[in-house]
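Okay, structure first, notes after.
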Amino acid sequence: MNVPDDLLYTESHEWIKREGDKIRVGITDHAQAELTDVVFVELPKIDRQANAKEAIAVVESVKAASDIYAPVKGTVVEANKALEADPGLINREPFGQGWLFVLKIDNPDDLKNLKDAAAYKKQIGG
Amino acid sequence: MTESATKKTALYDEHVNLGAKMVPFGGWLMPVQYTSIMEEHQAVRKNVGMFDISHMGQFIVEGKDARAWLNTMLTNNVEKLDVGQGQYTFLLNDKAGIIDDLIAYRIDGTRFLLVVNASRADEDLAWLKKHARGDVKIESRSANFGGVAIQGPRIGELLVNLPERNHIVDLEIDGMPISMARTGYTGEDGVEVFFQNSDASKFWNKVLEKGKELGLKPCGLGSRDTLRLEMCYPLNGSDLSPERNPIEAGLGFFVDLTKPQFIGREILLKTKESGPRERLVPFKMKDKGPPPRPHYSVFQNSERIGEVTSGTLSPSLNWGVGMAYVSTPQAKIGTQIEIEIRGQKFPATIEKKPLYKK
């Protein structure tokens with residue numbers, strides 16, 4: 001299972017890429033494989049403020065709906081509209097075109113609470 | 001499901017070797033998918049797919065009185081079965097609630113094969129044994145027998161000597177004694193094959209090998225569920241339960257009320273006369289949007305009129321579909337309803353069965 005070294009991770013299987021005072025968020029390769037074919041994505045509204053671990057998006061596979069959480073406190077500044085037309089991007093490119101949203105974060109120190117690749121790998125048993 | 005599944009079918013290692021994602025289902029560890037539910041679904045609709053159905057219970061009911069007695073236990077008319085013929089039927093409790101839906105095959109003059117749902121097998125067996133009368137022997141052969149469903153329009157290119165629709169035959173393939181039934185749960189032509197566990201891997205691999213050029217895929221429970229839902233075939237535990245009877249479920253066709261006696265008959269007669277309070281209906285979402293799911297509420301004019309029991313994105317239609325119990329006055333084809341999804345209401349229409357037609 002692919003777990004890029006340059007990303008941060010949550011226990012709930014989101015990946016986080018730092019871009020200055022913002023973070024880009026998606027779900028991991030492991031998560032997309034567990035979910036199976038993604039058929040619908042509900043994206044957060046721009047300017048929505050969210051606390052850490054607050055559910056702000058939904059990814060639905062054929063089998064079930066799964067909440068996606070804000071990894072840290074912040075404000076939504078971008079959402080990946082491409083997923084509305086092609087939700088399967090999450091399965092095909094979970095770390096690339098399948099990203100979900102970009103958060104402007106309140107406090108960069110919050111990122112210290114997230115897992116690095118090694119810790120996440122350990123969590124998923126890979 | 002969060003039950004602790006410990007049982008493995010004789011094909012467990014084959015699934016793992018093929019990279020299947022295994023999940024607990026009805027007390028068994030079963031493949032939910034090998035590569036993709038969508039792909040496996042399409043393989044069955046366009047070519048052919050093979051499912052492990054070894055988790056299903058297989059009972060042999062045998063004896064001079066087997067036929068007459070079964071007719072008092074099951075809703076459909078067993079007397080109408082010729083030797084080698086099968087029928088879909090229900091096992092009801094004293095309140096006419098559905099214990100299980102199953103297929104009863106008449107193997108010969110005095111012997112029947114019942115194929116039941118994995119999750120209800122123990123309960124079915126206990127209920128049958130509790131009510132046994134006369135010269136009737138009931139035996140579960142589930143521990144020693146497995147099976148596969150091979151389904152799809154190219155079945156005729158894969159297997160020869162197919163039995164007639166809803167019929168079962170005993171055959172030998174490569175020295176393996178099997179029973180092959182022209183039945184299924186997908187809406188496609190196909191067979192269900194039953195064999196001894198010792199032949200399971202050999203049979204499985206032979207079909208995989210032979211089916212390669214036909215585009216045959218091993219298929220998991222994920223596509224089994226989307227395929228059956230497109231056809232509006234009910235799933236026990238979701239669409240059927242001990243609190244629902246076959247009339248409410250819209251499956252009165254498989255109940256013969258002209259039979260003099262069977263468990264649940266009097267209550268079904270009453271239900272038929274007064275009309276059920278609710279009915280199971282298929283529906284289709286009006287717009288592209290989130291797929292419906294079990295337990296979502298159904299509304300009409302801001303009044304809650306029912307609940308979804310099955311829902312998914314139909315891979316064939318690429319559209320949200322489902323089934324729901326709704327109050328009878330509203331349970332009419334063409335009725336506009338709303339499905340509440342995460343606090344928001346989405347319009348849908350009650351449809352005719354099946355939801356998907358070729």
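The values are calculated or read from the model by the stated rules, or taken from the named source; none is laboratory data. Computed from a predicted model, the values in this text were never measured in an experiment. All Cβ positions, even for glycine, are placed from backbone atoms using ideal geometry, and neighbour counts span all protein chains on display. Note: accessible area is taken over every heavy atom of the protein model, side chains too, but ligands, DNA and RNA are not part of it. Shrake-Rupley method; radii C 1.70, N 1.55, O 1.52, S 1.80 Å.
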task: Working with all protein chains in place, sort B:H295, B:H15 by solvent-accessible area computed with a 1.4 Å probe, largest first.
output: B:H295, B:H15
Accessible area in the full protein assembly, largest first, 1.4 Å probe, for B:E278, A:E34, A:E60: A:E34, B:E278, A:E60
- line: Going through B:K288/B:K357; B:K284/B:K332; A:K104/B:K345; A:K17/B:K21; B:K288/B:K345; B:K284/B:K345 one by one, the pairs whose alpha carbons sit over 22 Å apart turn out to be A:K104/B:K345; A:K17/B:K21
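Starting from the Cα gyration tensor of region B:206-330, take the square roots of the eigenvalues, sort them a ≥ b ≥ c, and report rounded, prolate or oblate (rounded when a/c is under 1.5, otherwise prolate if a/b is larger than b/c, else oblate).
Working: a/c = 3.13, a/b = 1.34, b/c = 2.34.
Since a/c reaches 1.5 but b/c is at least a/b, the shape of region B:206-330 is classed as oblate.
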- prompt: HN-Hα J couplings of region B:95-101 from phi, Karplus 6.51/-1.76/1.60, θ = phi - 60°, integer Hz, Gly and Pro as x?
  reply: 9, 6, x, 7, 6, 7, 10
statement: Note, region B:254-263: 3J(HN,Hα) by Karplus (6.51, -1.76, 1.60, θ = phi - 60°), whole Hz, Gly/Pro = x, goes 9, 10, 9, 6, 7, 5, x, 7, 7, 4
message: Tell me the relative contact order for chain B as a rounded percent, counting alpha carbon contacts under 8 Å between residues six or more apart.
response: 17
message: Heavy atoms of the protein only, probe of 1.4 Å, neighbouring chains included. What is the accessible area of A:E42 in Å², nearest 10?
response: 60
message: Assuming a strict under-24 Å limit between Cα atoms, what lysine pair count do you get for region B:57-140 once near-sequence pairs (fewer than 8 apart, same chain) are dropped?
response: 9
- prompt: Sequence-distant or interchain residues sharing an amide H contact under 5 Å with B:S142, placed H: which?
  reply: B:Q58
task: Could you pull the Cα extents of chain B along its three principal axes, largest to smallest, in whole Å?
output: 62, 50, 38
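Which whole-number percent is the relative contact order of region B:26-144 (Cα, under 8 Å, 6+ apart)? Mind showing how you got there, number by number?
Values: 192 pairs, mean separation 38.6, N = 119.
About 32 percent, as a whole number.
Got a sec? What order do B:F203, B:F253 fall in by accessible area at 1.4 Å, biggest, i.e. largest, first?
Numbers: B:F203 5, B:F253 175 Å².
Accessible-area ranking of B:F203, B:F253, largest first: B:F253, B:F203.
Would you kindly state how much longer the chain becomes between B:N205 and B:K80 on full extension, computed as 0.36 nm times their sequence separation minus their alpha carbon distance, in nm to one decimal? Before the final figure, lay out the partial values.
Working: separation 125, 0.36 × 125 = 45.00 nm, distance 3.67 nm.
Working it through step by step, the gained length comes to 41.3 nm.
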Value of [θ]222 nm, deg cm²/dmol, for the protein assembly as shown, DSSP H segments ≥ 4, -39500 (n - 2.57) each, nearest 500: -5000 deg cm²/dmol
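Return the Rg/Rh value of the protein assembly as shown, two decimal places, where both radii are evaluated on C-alpha atoms and Rh is the Kirkwood radius.
Numbers: Rg = 24.7 Å, Rh = 24.4 Å.
Checking Rg against Rh, the ratio lands at 1.02.
Around A:P4, with a cut-off of 10 angstrom between Cβ atoms, what is the net charge of the other residues, counting Lys and Arg +1 and Asp and Glu -1?
On the way: positive: A:K17; negative: A:D5, A:D6, A:D29.
Computed value for this residue: -2.
For region B:277-350, which semi-axes, largest first and in whole Å, follow from the square roots of 5 times the eigenvalues of its Cα gyration tensor?
Values: eigenvalues 61, 33, 23 Å².
Equivalent ellipsoid semi-axes, largest first: 17, 13, 11 Å.
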query: Along the Cα-to-Cβ line of B:D122, 7 Å from the Cα, sits a label point; which residues in region B:9-27 have backbone N less than 19 Å from it?
result: B:9-10, B:24-27
message: Could you compute how much accessible area chains A and B hide from each other, both sides summed, with a 1.4 Å probe? Nearest 100 Å² is fine.
response: 1200
- request: Compute the whole-percent fraction of alpha carbon pairs in region A:8-106 spaced more than 15 Å apart.
  value: 54
field: Convex hull volume per residue in cubic angstrom - Cα atoms of region B:57-140
entry: 75
message: Rounded to the nearest 10 Å², what accessible area does B:K206 have for a 1.4 Å probe in the complete protein model?
response: 80
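Cβ under 10 Å from B:P315's Cβ, B:P315 left aside: what net charge do those residues give with Lys, Arg +1 and Asp, Glu -1? It would help to have the intermediate numbers written out before the result.
On the way: positive: B:R45; negative: A:D37, B:E39, B:E40, B:E230.
Net charge in that neighbourhood comes out at -3.
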query: Residues with amide H under 5 Å of B:Y296's amide H, sequence separation 5 or more or different chain, H placed in the peptide plane at 1.01 Å from N; which?
result: B:V308
